[in-house]
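Heads up, the thing below is written out as structure tokens.
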Amino acid sequence: MENKFINTDTLPFCSGCGHSTISRNTEKALQKLGLGLLDVILVTDIGCHGIIDKAFDSHTVHGLHGRSVALASGVSAGINNPDKKVIVFIGDGGATIGMQHLLDAAHNGYNMTVVIHNNMLYGMTGGQPSGFTPEGFKTPTLPDGAAHPGYDICGIVAEAGAGYVSRITGIGDISGQLAEAFSRKGFSLVEVMEICPSYGVKSNPGMKLKALIEEAGIEIKVYADKEVPAYRTTEHDAMPSLLSEGLVIEKEFETKLDRPVRLFLSGSAGEGVQSAASMFIKAGMRCGLHVTKKGSYPVTVGVGFSASNLILSPEPILYTGAPHPDVIAVTSADGLKFAKKFIDTATEDTLLIIDSSLELPETRAKTIEHHFREHFGARNAMVAVLYEYIRQSGILPMEGLHTQFLSGHLSKSDKLKQQIAETFLSE
Ligand SMILES: Cc1ncc(C[n+]2csc(CCOP(=O)(O)OP(=O)(O)O)c2C)c(N)n1
Ligand code: SF4
């Protein structure tokens with residue numbers, strides 16, 4: 001079977017880790033159900049199991065430890081579409097930390113399937129015991145073994161009102177059991193018993209999963225299988241759309257752009273990088289293009305770098321950000337430092353547009369240098385870079401860019417308007 005959801009043959013787990021079994025069988029189960037990439041939203045938690053999200057080509061959201069169910073509840077209520085499949089991957093550690101969220105999600109019947117990766121310990125941090133560690137099970141930090149049995153989470157969520165709950169052993173083909181849970185509307189949960197070879201087996205030499213489950217009295221069974229009304233967000237509960245009317249920009253101009261173009265703009269906080277980026281993508285929208293913008297800046301938003309990763313494309317764009325931009329624009333020393341990783345890996349096809357005040361780094365990219373800061377001021381350097389790029393590339397009509405510029409707050413400066421007119425519009 002060819003992979004549809006998982007984009008790699010090399011999963012990021014230790015050899016023999018039960019997380020691999022779950023990931024591979026999730027792929028299989030989703031295919032069995034005929035779901036498409038855009039039908040699935042995978043919400044992952046912190047922990048080894050959570051690092052799978054980069055290998056998943058569907059929508060993914062990665063949250064704080066123990067909070068993936070809470071996040072998924074918001075996602076589920078927000079999209080309010082039972083035909084979309086929200087899947088939560090969480091460890092036994094995360095499920096211990098966020099148990100209340102599990103109860104609430106089950107109680108409210110939020111549309112999601114939670115897959116608990118129960119390897120009976122906190123894997124990523126070296127094997128501390130969780131609330132699910134069975135009595136007598138040893139971990140690196142609990143060499144004498146757990147003093148109490150772990151929580152029976154299946155019994156607890158079934159009691160809280162979940163429609164479908166099962167505990168299974170994560171060995172062999174478990175795609176059928178996963179598909180059963182994925183096919184349910186409302187809240188469903190599968191607890192998969194598995195092992196962490198790196199810490200679980202090491203602390204319990206000779207351990208066999210099936211024998212351990214049996215000796216600990218952990219029941220492998222379906223705990224709940226009933227019709228429960230799924231949660232529906234009512235108009236009263238619904239949040240107003242985040243898509244403000246002001247963001248609807250009608251097509252006014254034609255463009256000759258026939259393939260995606262990815263730009264990485266990198267400058268300093270407070271120097272208008274984000275505003276310039278917004279102006280540019282809105283100009284793209286005026287030309288009927290699809291656009292994305294992903295901003296990056298330190299949490300201390302007033303200092304350091306400010307960068308924006310843009311994509312403009314004649315086709316719909318299914319992601320934000322681009323690891324290999326076609327154009328790198330750098331207007332300050334902070335920006336140069338932050339853009340280093342892109343400049344270092346640039347190819348002969350990349351265009352680097354850089355302010356002349358900066359030391360030109362070694363790069364394979366074609367380079368345009370200009371005194372943007374000196375001529376336009378630090379605050380307007382990135383706008384000028386984008387005008388220069390349009391002048392040289394012609395990917396958008398200058399008229400489209402200028403119309404957007406005049407409608408935005410950047411154009412409030414008469415001096416800048418005049419400089420732009422003189423430099424870019426005079427020919
Ligand atoms: C609130 C919080 N506490 C502790 C941590 C540190 N931490 C990161 S991963 C992890 C262990 C994860 O264990 P589990 O959820 O069982 O997943 P696994 O690694 O076994 O897949 C811990 C404790 C954290 N990131 N956040
Ligand atoms: S440390 Fe354990 S849980 Fe983490 S990937 Fe390795 S085997 Fe799996």
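The values are calculated or read from the model by the stated rules, or taken from the named source; none is laboratory data. Quick caveat, the model's predicted, so the values are computed rather than measured. All Cβ positions, even for glycine, are placed from backbone atoms using ideal geometry, and neighbour counts span all protein chains on display. Note: areas computed on protein heavy atoms with side chains; ligands, DNA, RNA excluded. Shrake-Rupley method; radii C 1.70, N 1.55, O 1.52, S 1.80 Å.
For the range 278-331, which strands (runs of 3 or more DSSP E) that fit wholly inside it have 2 or more residues that are over 23 Å from residue 394 (Cβ atoms) and over 17 Å from the mean Cα position of the chain (by Cα)? Please lay out each step first, then the result.
Working: elements: 290-296, 305-313, 327-330.
Because the criterion is at least 2 residues that are over 23 Å from residue 394 (Cβ atoms) and over 17 Å from the mean Cα position of the chain (by Cα), the strands (runs of 3 or more DSSP E) in the range 278-331 that meet it are 305-313.
The rows are residues; the columns are (1) modelled with pLDDT of 95 or more; (2) over 24 Å from residue 228 (Cβ atoms).
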| residue | (1), (2) |
| --- | --- |
| 83 | no, no |
| 134 | yes, yes |
| 138 | yes, yes |
| 154 | yes, no |
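Of all residues in the range 187-206, exactly one satisfies the criterion of being away from ligand 1 (no atom under 13 Å from the Cβ), in contact with a helix residue (DSSP H, G or I) (Cβ under 6 Å, 6 or more places away or on another chain) and not hydrophobic (A, V, I, L, M, F, W, C), namely 188. Within the range 152-167, the set of residues being open to solvent by 10 Å² or more (accessible area, probe 1.4 Å) and of a type in the set (A, V, I, L, M, F, W, C) comprises 156, 158, 160. Please determine whether any residue of the range 186-201 is charged (D, E, K, R), over 20 Å from residue 65 (Cα atoms) and either open to solvent by 10 Å² or more (accessible area, probe 1.4 Å) or within 27 Å of the chain's Cα centre (by Cα) (or both). Within the range 186-201, none of the residues are charged (D, E, K, R), over 20 Å from residue 65 (Cα atoms) and either open to solvent by 10 Å² or more (accessible area, probe 1.4 Å) or within 27 Å of the chain's Cα centre (by Cα) (or both). Considering the range 77-94, and only residues there that are out of contact with any helix residue (DSSP H, G or I) (no Cβ under 6 Å at 6 or more places or on another chain) and open to solvent by less than 10 Å² (accessible area, probe 1.4 Å), the residue that is farthest from ligand 2 (Cβ to nearest atom) turns out to be 87.
To keep it simple, each residue is scored yes or no on (1) of a type in the set (Val, Ile, Thr); (2) modelled with pLDDT under 95; (3) open to solvent by less than 80 Å² (accessible area, probe 1.4 Å); (4) more than 16 Å from ligand 1 (Cβ to nearest atom).
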| residue | (1), (2), (3), (4) |
| --- | --- |
| 219 | no, no, no, yes |
| 242 | no, yes, no, yes |
| 245 | no, yes, no, yes |
| 277 | no, no, yes, yes |
| 282 | no, no, yes, yes |
| 301 | yes, yes, no, yes |
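Of everything listed in (1) among the polar types (S, T, N, Q); (2) touching a Lys or Arg at 6+ places or on another chain (Cβ under 9 Å); (3) over 17 Å from residue 189 (Cβ atoms), the single unmet condition for residue 76 is (3).
Taking the range 39-58 as the range and being surrounded by fewer than 19 Cβ atoms within 10 Å (Cβ to Cβ) and of a type outside the set (A, V, I, L, M, F, W, C) as the test, the residues that pass are 39, 53, 54, 57. Please work out which residue is nearest to residue 332 (Cα to Cα), limiting yourself to the range 349-389 and to residues that are touching a residue at least 24 places away in the same chain (Cβ under 8 Å), in contact with a Leu (Cβ under 8 Å, 6 or more places away or on another chain) and assigned to a strand (DSSP E or B). Once the filter is applied, the top-ranked residue is 354.
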